[in-house]
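Visitor: Pasting a structure here, questions to come.
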Amino acid sequence: MSELLRAGAVMLSESCPICSLPLFKLKSGEVICPTHGRVQIVKSDEEILSITTTASLDELERVTVSAINKLRKELEDSDVSENDIDVVKELSAWLEILERIRRLKIIIRHSDKAQR
């Protein structure tokens, strides 16, 4: 904490929701916890819901892209076979999931902008 103050950060009255240490605002405007790093200050339950939903969708997107890459590699490494049809069907399902996740993220972003 002392290093943050020496670097010109300002101690805020808000505390970290995880460890309850005071939060600091850097000269760049970024708010950080001395233990956990970057945090977001929310003012309403709607903001909390939006942030947690977006974080969940981000994680789902990473898992989905990983599954798509695994299936792509499986197709590349295999000889043409009837099993490829099943892999392509599974790949198609994962791509549809990815598209839905990205559409939801766009809807949330537009909703957040409209609320500001």
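Visitor: Quick query: amide H of Leu21 versus all other amide H atoms, modeled in the peptide plane; which residues come in under 5 Å with a sequence gap of 5 or more or a different chain?
Guide: Residues meeting the criterion, in which the H sits 1.01 Å from N, are Cys16.
Visitor: If the convex hull of the alpha-carbon atoms of segment 1-46 is projected onto planes in all directions, what is the mean projected area in square nanometres?
Guide: 3.3
Visitor: While we're on this one: Would you kindly derive the ³J(HN,Hα) couplings of segment 18-27 from the backbone phi angles with the Karplus curve 6.51 cos²θ - 1.76 cosθ + 1.60 (θ = phi - 60°), listing them in order in whole Hz, with x for Gly and Pro?
Guide: Whole-Hz 3J(HN,Hα) from phi for segment 18-27: 8, 10, 6, 6, x, 8, 10, 9, 6, 4.
Visitor: May I ask for the angle, rounded to the nearest 10°, between helix 83-115 and the longest principal axis of the chain, with both axes built from Cα atoms and the value confined to 0 to 90°?
Guide: The angle comes out at about 30 degrees.
Visitor: May I ask you to derive the FRET efficiency for Ser20 and Arg102 from their Cβ-Cβ distance with R0 = 41 Å, giving the value to the nearest 0.05?
Guide: The pair Ser20/Arg102 has a calculated efficiency of 0.70.
Visitor: Provide, for segment 28-116, the number of lysine pairs with alpha carbons under 30 Å apart, each pair being eight or more places apart or on different chains.
Guide: Taking segment 28-116 as the scope, the lysine pair count is 8.
Visitor: Tell me, Kirkwood radius of the chain from alpha-carbon pair distances, in Å?
Guide: The answer is 17.7 Å.
Where a number appears in this text, it was derived from the coordinates with a stated rule and is not lab data. Small disclaimer: the values here were computed from a predicted structure and weren't measured. Counting neighbours? That spans all protein chains shown, and the Cβs are built from the backbone with ideal geometry, glycine included.
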